[in-house]
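The values are calculated or read from the model by the stated rules, or taken from the named source; none is laboratory data. Since the model is a prediction, treat every value here as computed from it, not as a measurement. Glycine gets a Cβ as well: all are built from the backbone with ideal geometry, and neighbour counts include every protein chain shown. Remember, those area values only see protein heavy atoms, side chains included, never the ligands or the DNA or RNA. Shrake-Rupley method; radii C 1.70, N 1.55, O 1.52, S 1.80 Å.
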Amino acid sequence: MRKISVYLIDDHHVLRQAVVEMLQSEGDIVVSGQAGDARTGIDAIAVEKPDIVILDLKMPGMSGLAAIGEILRVAPKTGIIVFTMYANPAYVWETTNAGASGYVLKSASKDDLLRAVRAVHAGAGYLQAEVTKPLLRRLAQDARAAGQKASLTSRELQVLECLAEGQSNKVIAGNLSITEDTVKAHLKSLYEKLGASDRAHAVAISLRQQLIE
C-alpha cells in the first residue's frame, strides 16, 4: 500500500521534530520533508509534490495564509492542513477560502491530527471540533448582518471608510478632526449596528452590504 506523503512547514524546530516522529510512527504515513519557513517549503513542495502539507499559520517572512496559494500553484493536488495555536474563526474562514482543506489546533490530540491527515488525503475536509462552533457562530452573525442592511450615520460611514484604508484610531481622529475617544465611540456603535466583532469584520460586512466600495 502506498503511504501518505506529508511535508511539514513550521518555524518551531522542537515542535516540528515531535510531529515528524509522531507521523513517522504510523504505518500508512511517511514524512517526505520539512522546513522552518514557507519559502523553503514551497520550493521543495514544487519538486516533491507531497499528498499533504501541514502548515503553521504564523511564521517569520511569508505567513501560512500567504503560502497556501503558492503551494496550490506549484502542487495543485496537494491537500493543505493548517496547524496553529489560533482558534479565531476569521483565520479558519480565510485559510479555507484560500484553499486549505483542514484546520487543526496545536493543542489537539495526536488522533485529531492523524484524522485530519487521513481525511484530507481521502478528499474530505477536516475542522477540529474546537474551531467548528466559533466558526458557525461567526457565519450566523454574518448571515444576520447580510439580511438586514445597517443604517449608519454620515460620520460612522466616514469612520468606516477610514477603517477600510487601514487607518489607526489616532489617524482617523486627525483626519476627521475629532478626538480618539470619539472615534472609539463611533467604532462601538459601528460594531453593534453591523454585528461585527472587530475592525476587519466590520469592513468585511460593510463591503458585502455595499456600504463602502
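Identify the single condition in (1) at pLDDT 95 or above; (2) open to solvent by 10 Å² or more (accessible area, probe 1.4 Å) that M1 does not satisfy, given that it satisfies every other one.
(1) is the only condition that M1 fails.
Within region 37-55, which residues are touching a residue at least 40 places away in the same chain (Cβ under 8 Å) and open to solvent by 10 Å² or more (accessible area, probe 1.4 Å)?
Taking region 37-55 first, the residues touching a residue at least 40 places away in the same chain (Cβ under 8 Å) are 48, 50-55.
Answer for region 37-55, where residues must be touching a residue at least 40 places away in the same chain (Cβ under 8 Å) and open to solvent by 10 Å² or more (accessible area, probe 1.4 Å): E48, D51.
Please count how many residues of region 140-162 are of a type in the set (A, V, I, L, M, F, W, C), under 15 Å from L207 (Cα atoms) and at pLDDT below 80.
Kept after step one, since they are of a type in the set (A, V, I, L, M, F, W, C), are these residues of region 140-162: 140, 143, 145-146, 150, 152, 157, 159-160, 162.
Then keep just the ones that are under 15 Å from L207 (Cα atoms); that gives 143, 145-146, 150, 152, 157, 159-160, 162.
Then drop every residue that is not at pLDDT below 80, which leaves 143, 145-146, 150, 152.
Total satisfying the criteria: 5.
Just to be sure I understand, how many residues within region 160-206 are among the small types (G, A, S) and more than 25 Å from the chain's Cα centre (by Cα)?
Within region 160-206, residues that are among the small types (G, A, S) and more than 25 Å from the chain's Cα centre (by Cα) number 5.
Which of (1) farther than 21 Å from Y126 by Cα; (2) exposed (fewer than 14 other Cβ atoms within 10 Å of the Cβ); (3) without any contact (Cβ under 8 Å) to a residue 40 or more places away in the chain; (4) of a type outside the set (S, T, Y) is the odd one out, the single condition K58 does not satisfy?
Here K58 meets the rest and fails (1).
Mind listing just one residue for me: the one in region 20-64 that is in contact with a Ser or Thr (Cβ under 6 Å, 6 or more places away or on another chain) and outside any loop (DSSP other than H, G, I, E, B) and, of those, farthest from V117 (Cα to Cα)?
Among them, the one singled out is E48.
I need a count of the residues in region 180-197 that are open to solvent by 20 Å² or more (accessible area, probe 1.4 Å) and either out of contact with any Leu (no Cβ under 8 Å at 6 or more places or on another chain) or at pLDDT 90 or above (or both).
Number of matching residues: 12.
Scan (1) closer than 17 Å to T95 by Cβ; (2) at pLDDT below 95 for the single condition I42 breaks and write down its number.
So the condition that I42 fails would be (2).
Mind listing just one residue for me: the one in region 72-104 that is over 21 Å from V19 (Cβ atoms) and assigned to a loop (DSSP other than H, G, I, E, B) and, of those, least open to solvent (accessible area, probe 1.4 Å)?
G99
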